[in-house]
Amino acid sequence: MTTERAPRVRIGAPNELVLERGDGRIEPLHPLWLRERCRDPESIDLRTQQRLQDPSDFDLSLRVTALSQPAPGMFQVTFSDGHQGSFSAADILEEAALAPGSHDSPAARFWDGSLTALPRARWRAAPSDDELASWLESFLTYGFIIFAGVPSEPGTVLKVGAQFGFTRETNFGALFNVRSTPDANDLAYTSIALDPHTDNPYRTPVPGIQLLHCLVNETSGGLSTLVDGFAVAQALRTAEPEAFRILSTTPVRFKYIDTDTELTASAPPIELDVTGELKSIHFSPRLDFVPLLPRAELEGYYRARRSFDHRLRAPDFEIRFLLGDGDLVMFDNCRLLHGRTGFDPAEGLRHLQGCYIDIDGPRSLYRVLRRRRAQAGDVRRSA
Ligand SMILES: [Fe+2]
């Protein structure tokens, strides 16, 4: 068995700081890349950590003119513009390890219908940092978490949402009630089954995270369903690359209309980031309108959509669970699709309350907790 060495930063050529990756690859650290990372009071405002200079003004042919290692793990660099910067190897390694587009948070673990150990936790209004960090880790890894024991008091979903990020208010209000009503302005407010979909693809940006809190469920149906859209997209990419290409490059118009609102937005059903990685799923077959394309392209699109949709609805990828009184599910609306089985409103009440929060709240909180716990660890070690 071969174990890869930990990466390290070291002095290479006389005027060159190099990154030696674990697999032995050597990468010189570009002088401008380093210069932009100077942390001294001349370069940044120490309170906000924001730059005091526009790095575009640095000399494009900047060089390292002197290099020393005053202490283990620390490097002092003199640049050709006369500036001197001190760098911690650990800091440089941490940043160099980030892949382009990385969110610096736990990597997504794709799942399918065989997932049986669902990420669950008992809700506590004042969790410890460790508890909160473990909830966030589950959420960021699986794209969802189910809480039990959330007080069945109307409005509590907003308090839970506020624990993780900022509420995204919409034309449905800060909070929306999901129960069957006779004059429903959305199919969610009926008792029919809902196939997997992402919410509100007609908004820019789409609501990043949805929370659904069950106040009461007296029906035997109405099971909640979730599908990992990234896992399905990945399966499509492997099995039908052409369908994947079409769905990741065809902008589809989504539309919502009622008396006071008319929202439209365009996005490909499978949105990729600039590095080609999965960024967001936009899928709601009741609301999508493909533009009028040449016949052959349209036929390709329809074939691709059918294949993706059938995979999304297949039991191989879907999980089902009952949200009982006091349960709350929080899920990533950019990655997961959600739905529900139909129910008979004559059996009794089924009342859920929902809200949206921005996608970056849990990631921010995760990083803050990591920093706080690391600092606490440092304090404990030095005490
Ligand atoms: Fe929905």
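Within segment 177-207, the set of residues being within 11 Å of the ligand (Cβ to nearest atom), at pLDDT 85 or above and open to solvent by 50 Å² or more (accessible area, probe 1.4 Å) comprises 195 only.
When 133, 99 are checked against the criterion of being of a type outside the set (Ser, Thr, Tyr) and part of a helix (DSSP H, G or I), a single residue qualifies: 133.
Only residues that are of a type in the set (Ser, Thr, Tyr), open to solvent by less than 30 Å² (accessible area, probe 1.4 Å) and part of a helix (DSSP H, G or I) were counted across segment 139-171, and they come to 2. Within segment 56-64, not a single residue is assigned to a helix (DSSP H, G or I), at pLDDT below 95 and small (Gly, Ala, Ser).
Scanning segment 17-32 for residues that are modelled with pLDDT of 90 or more, open to solvent by less than 70 Å² (accessible area, probe 1.4 Å) and not in a strand (DSSP E or B) yields 29, 31, 32. On inspection, residue 90 fails the criterion of being surrounded by fewer than 15 Cβ atoms within 10 Å (Cβ to Cβ) and under 21 Å from residue 14 (Cβ atoms). Among all residues of segment 219-241, there is at least one that is over 26 Å from residue 329 (Cβ atoms) and touching a residue at least 12 places away in the same chain (Cβ under 8 Å). Output yes when any residue across segment 250-258 is modelled with pLDDT under 95 and loosely packed, with under 13 Cβ neighbours inside 10 Å, and no when none is. Within segment 250-258, one or more residues are modelled with pLDDT under 95 and loosely packed, with under 13 Cβ neighbours inside 10 Å. When residues in segment 271-286 are screened for being touching a His at 6+ places or on another chain (Cβ under 8 Å) and either open to solvent by less than 40 Å² (accessible area, probe 1.4 Å) or touching a residue at least 40 places away in the same chain (Cβ under 8 Å) (or both), 4 of them pass. Residues in segment 104-123 that are within 26 Å of residue 373 (Cα to Cα) and in contact with an Asp or Glu (Cβ under 7 Å, 6 or more places away or on another chain): 106 alone. Among the residues of segment 257-264, some residue qualifies, meaning at least one is assigned to a strand (DSSP E or B) and more than 26 Å from the chain's Cα centre (by Cα).
Look through segment 208-252, keep the residues that are part of a loop (DSSP other than H, G, I, E, B) and either β-branched (Val, Ile, Thr) or on the phi > 0 side of the Ramachandran plot (or both), and return whichever of them is farthest from the ligand (Cβ to nearest atom). So the residue we want is 250.
Filter segment 56-77 for residues that are open to solvent by 30 Å² or more (accessible area, probe 1.4 Å) and without any contact (Cβ under 8 Å) to a residue 40 or more places away in the chain and give the result. First the steps, then the outcome.
Restricting attention to segment 56-77, the residues satisfying the condition of being open to solvent by 30 Å² or more (accessible area, probe 1.4 Å) are 56-57, 59-61, 63, 65-74, 76.
56, 57, 59, 60, 61, 68, 70, 71, 72, 73, 74, 76, listed by residue number.
The values are calculated or read from the model by the stated rules, or taken from the named source; none is laboratory data. Values in this document were obtained by computation on a predicted structure and should not be read as measured data. Virtual Cβ from ideal backbone geometry, glycine too; neighbours counted across all protein chains shown. Side chains included, ligands, DNA and RNA excluded: accessible areas come from the protein's heavy atoms. Shrake-Rupley method; radii C 1.70, N 1.55, O 1.52, S 1.80 Å.
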